[in-house]
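Inspection log for the structure reproduced underneath, given as structure tokens.
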Amino acid sequence: MKNQKPIYLDGNATTPMDPRVLEAMLPYFTHRFGNPSSIHDYGWEAEAAVKQGRQILADAIHGSPEEIVFTSGATEANNLAIKGVAEAYYQKGRHIITVQTEHRAVLDPCKYLQTLGFEVTFLPVQSDGLLDLK
């Protein structure tokens, strides 16, 4: 069993790239690179690609391109969502409820919001990992 490769079970962290995505993105990893915020040909080309990707995703979920936000990963996305919603609804209430077993990418922004005066309830889970709904 020396040559047996371990089974990868961390699909929440990262997954292999779909070959179709790799094919679509490869030009932007090699010769069509550019900062989409730059004001030159490389930037404009990258900006057009980002715009097209945003439209494709919006169409797929029946949304609008303005609703699509690209982040570098789940931690950034969780921070953006949790802190953004908390700020947007600040005047309506400052109580957040989560579970103790959440990922740190959720727990850390909740703990940060506590320092700003938010009340955060960290619900315990039962031995089977489920909430007691009572």
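Values in this text are rule-based calculations from the coordinates and carry no lab data. This one's a predicted model, so the numbers in the text were calculated from it and none came from an experiment. Quick reminder, even Gly has a Cβ in these numbers, built from the backbone with ideal geometry, and neighbours come from all protein chains shown.
Give, to the nearest whole percent, the P(r) tail of the chain beyond 22 angstrom, counting all Cα pairs. Please report the intermediate quantities before stating the final value.
Numbers: 5469 of 8911 pairs.
Across the chain, Cα pairs with separations above 22 Å total 61 percent.
Could you compute the FRET efficiency for residue 85 and residue 134, with r as their C-beta to C-beta distance and R0 at 35 Å, rounded to 0.05? Before the final figure, lay out the partial values.
Values: r = 27 Å, r/R0 = 0.78.
Here the calculated transfer efficiency is 0.80.
Can you give me the span-like helices of the chain, meaning DSSP H runs with 27 Å or more of Cα extent along the axis and Kyte-Doolittle mean at or above 0.5? Walk me through the intermediate numbers first.
Numbers: long enough: 41-60 (29 Å, -0.54).
None clear 27 Å together with a mean of 0.5.
Summed over qualifying helices (DSSP H, 4 residues or more, each -39500 (n - 2.57)) and divided by its residue number, the chain shows a 222 nm mean residue ellipticity of -14000 deg cm²/dmol. Once C-alpha pairs closer than 8 Å and six or more residues apart are averaged by separation and normalised to the residue number of the stretch 59-134, the relative contact order reads 28 percent.
Compute the separation of the alpha-carbon centres of the stretch 1-21 and the stretch 41-72 and state it in Å as a whole number. About 28 Å separates the Cα centre of the stretch 1-21 from the one of the stretch 41-72. Cross-link partners of residue 83 among aspartates and glutamates, defined as those whose alpha carbon lies under 12 angstrom from its own and excluding same-chain residues fewer than eight positions apart: 108.
Once a ≥ b ≥ c are taken as the square roots of the eigenvalues of the Cα gyration tensor of the stretch 81-123, is the result rounded (a/c under 1.5), prolate (a/b larger than b/c) or oblate (a/b not larger than b/c)? The shape class here is prolate. The ranking of 32, 20 from fewest to most other beta carbons within 10 Å of each one's beta carbon is 20, 32. A crude spin-label estimate for the pair residue 12 and residue 116, with each label 7 Å from Cα along the Cβ direction, gives 2.5 nm.
Exposure here means at most 13 other Cβ atoms within 10 Å; with chymotrypsin sites (Phe, Trp or Tyr not before Pro) in a DSSP loop as sites, the longest stretch of the chain lacking them is 91-134.
For residue 66 and residue 29 in one chain, what is 0.36 nm times their gap in residues minus the Cα-Cα distance, to one decimal in nm? Spell out each step's value before the answer.
Details: separation 37, 0.36 × 37 = 13.32 nm, distance 2.48 nm.
Extra length available between residue 66 and residue 29 comes to 10.8 nm.
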